[in-house]
Amino acid sequence: MARFTDKNSYTILFSVIMVLVVGSLLAGVAQGLRSKISENERFEKQQNILYAMGVDDNEGTGSVTFIPTKEVEATFHKYIKKQLVIQGDEATEDDNAYLIDIKKEESHANDDHNYKRKLPLFIGEKDGKTFYIIPMRGKGLWDAIWGFVSLDKDLVVEGVYFDHKGETPGLGANIKERFFMDDFQGEQIMDGNAFVGITVAKGNNDPLNERKDDQKVDALAGATITGNGVTAMIKKDVARYIPYLEKLKGAEKNETSESIQVSDSIQ
Amino acid sequence: MALLSKKDSRLILDPLADNNPITIQVLGICSALAITAQLKASIVMALSVMVVLAVGNVVISLLRNVIPGKIRIIAQLIIVAALVIIVDQVLKAFAYELSKQLSVFIGLIITNCIIMGRFEAFALANKPWRSFLDGIGNAAGYGLILIIVGFFRELLGSGTLLGFKVLGDPIAKTGVYAFGYENNGFMLLSPMALIIIGIIIWAQRSRNKALIEE
């Protein structure tokens, strides 16, 4: 029995209708949910920044617990005292600096070497201590990784937050687990006056991370490339802020800061 | 199972053992290898596949008389892709934290051969309610194997279950680690998942000789 669905004209008609229906359905869903999704992403960024400076709901040594989404907006404005945009030697205050898309800035700077990229820097205050929070973005094994690192005024790491788009679950995806991120606390990024960053190192004979001045944290087994990506991301992105942070440090101590050597990754 | 007729309940029970999509039909192996390093990831993947397969089967079954035979595979692919995208977007809008945890799994569902396999083999020829049961049953059979593999890989590879340190602390040398036990890091890599699935297939076929092909 020849069925009506076997005719060529029906096949074409069916595919046209199917594409129209599915296309408009998906477009409608995406459009309808867009404002809600972008708001969620904004809250998440605030939660991540706060997490890096140690404002969180963590209990014991278990999993990562952020400030609840409902309270994050108010908490963010309570702890983050200043948001700066650094462009070249100038720093301007901008209350929406946390919305700057680092990915866009990076590709803009790569396309046009004269472009001075905007570097957002967040200055937080908790219990009388000042935190400088730096956003980072790099490459993992499969896709993008990003994060925030908070430094105190002596450029010692106070906390970090890492996240990823598509690292392998159970392996590279563990960079956003506390057993990895907590190791960064107290690590130094400077060796004397030179910027070295922090290396995610295999076999550094320090799995408990007791030595804090070796610029190394213990790597994750089975996640070599993601770990290398974290190392590279810290070296590349934190280095851009070192001249400015050194200047702040110098101004605070009211003495001329020594000339600093920074790694070759910054121009 | 008074709720279901005998024929209907077989739709759910068969894929759990004697017609299991992974161990008998050897479908969905890729995701079974990729995401079973942790028990939690296995459970989440099993539930996600169950939702997509049950809903997808019903949609395909409703459309079974109007889908042109020549392009039925493309039509199935579009339906499963659209479903997955909608689930992903809705989760991002209303359960953002959950969607972060699921991360890559949602996208991986599309690549699961079981879904296309059930659309093609069952939903195109059966009524919606039976297709729904078939979807639930096959996803449960798939999930069962995923959870078994995830259980052994996480327990032997990391010494944890759902993140809890059930065997003691490997660094502080408590629990079984005090007697010189070490985690087997090889369990975290995909080849061990294949070996575990192989062992399951072996055990299953030696218990039920009818499953052995000539």
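The figures follow:
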| quantity | calculated |
| --- | --- |
| Average partner coverage of A:7-16, which counts Cβ from other chains inside 10 Å | 3 |
| Placed amide H near A:Lys126: partners under 5 Å, 5+ positions off or other chain | A:Phe131 |
| Calculated FRET value between B:Ile74 and A:Lys70, using beta carbons and R₀ = 51 Å, to 0.05 | 0.70 |
| Structure-based [θ]222 nm, chain B - -39500 (n - 2.57) summed over DSSP H runs of at least 4, per residue, nearest 500 | -20500 deg cm²/dmol |
| Average partner coverage of B:88-95, which counts Cβ from other chains inside 10 Å | 5 |
| Degrees between helix A:242-253 axis and first principal axis of chain A (Cα, 0 to 90, nearest 10) | 40 degrees |
| Sequence-distant residues sharing a close amide H with A:Lys82 (under 5 Å, placed H) | A:Ile123 |
| C-alpha center-to-center spacing [the range A:115-193, the range A:32-80] in angstrom | 15 Å |
| Nearest-ten-degree value, helix A:224-239 long axis tilted from longest Cα axis of chain A | 60 degrees |
| Relative contact order of the range B:148-198, defined on C-alpha pairs under 8 angstrom at six or more residues apart (%) | 38 percent |
| Unit Cα scatterers, Debye sum, chain A: log10 I(q)/I(0) for q = 0.09, 0.10, 0.11 Å⁻¹ | -0.48, -0.57, -0.67 |
| Tilt relative to chain B, helix B:39-62 - C-alpha long axis, 0 to 90 degrees, to 10 | 0 degrees |
| Cα centroid of the range B:1-49 to Cα centroid of the range B:102-176, whole Å | 8 Å |
| Other-chain or far-sequence residues with amide H under 5 Å of A:Phe66's (modelled H) | A:Asp57 |
| Peptide-level mean, for A:170-177, of C-beta atoms on other protein chains within 10 Å | 4 |
| For the range A:66-123: rounded, prolate or oblate by the Cα gyration tensor [a/c cutoff 1.5] | oblate |
| Listed residues A:Val85, A:Val156, A:Val16, most fluctuating in chain A (Gaussian network, C-alpha, under 10 Å) | A:Val16 |
| Global geometry of the range A:1-93, whether rounded, prolate or oblate, following the gyration tensor of its Cα atoms and the 1.5 cut on a/c | prolate |
| Loop trypsin sites (Lys or Arg not before Pro), the range A:1-43 (other Cβ atoms within 10 Å of the site Cβ: 11 or fewer; DSSP) | A:Arg3 |
| Inter-label distance for B:Phe94 and A:Trp142, nm, one decimal - labels placed 7 Å from Cα along Cα-to-Cβ | 2.7 nm |
| Stokes-Einstein D (µm²/s) once Rh is taken as the Kirkwood radius of the protein assembly as shown over alpha-carbon pairs, at 25 °C in 0.890 mPa s | 96 µm²/s |
| Intensity falloff of the range A:186-249 expressed as log10 I(q)/I(0), Debye formula with alpha-carbon point scatterers, at q = 0.23, 0.27, 0.29 Å⁻¹ | -0.97, -1.17, -1.26 |
| In Hz, Karplus ³J(HN,Hα) per residue of the range B:161-176 (6.51, -1.76, 1.60; θ = phi - 60°; x = Gly, Pro) | 9, 6, x, 8, 7, 7, 9, x, 9, x, 8, 7, 6, 10, x, 5 |
| Unit Cα scatterers, Debye sum, chain B: log10 I(q)/I(0) for q = 0.07, 0.13, 0.17 Å⁻¹ | -0.26, -0.81, -1.19 |
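Where a number appears in this text, it was derived from the coordinates with a stated rule and is not lab data. Remember, predicted model here, so these are calculated numbers, not experimental data. Cβ coordinates were reconstructed from backbone atoms using ideal geometry, including for glycine residues, and neighbour counts include every protein chain displayed.
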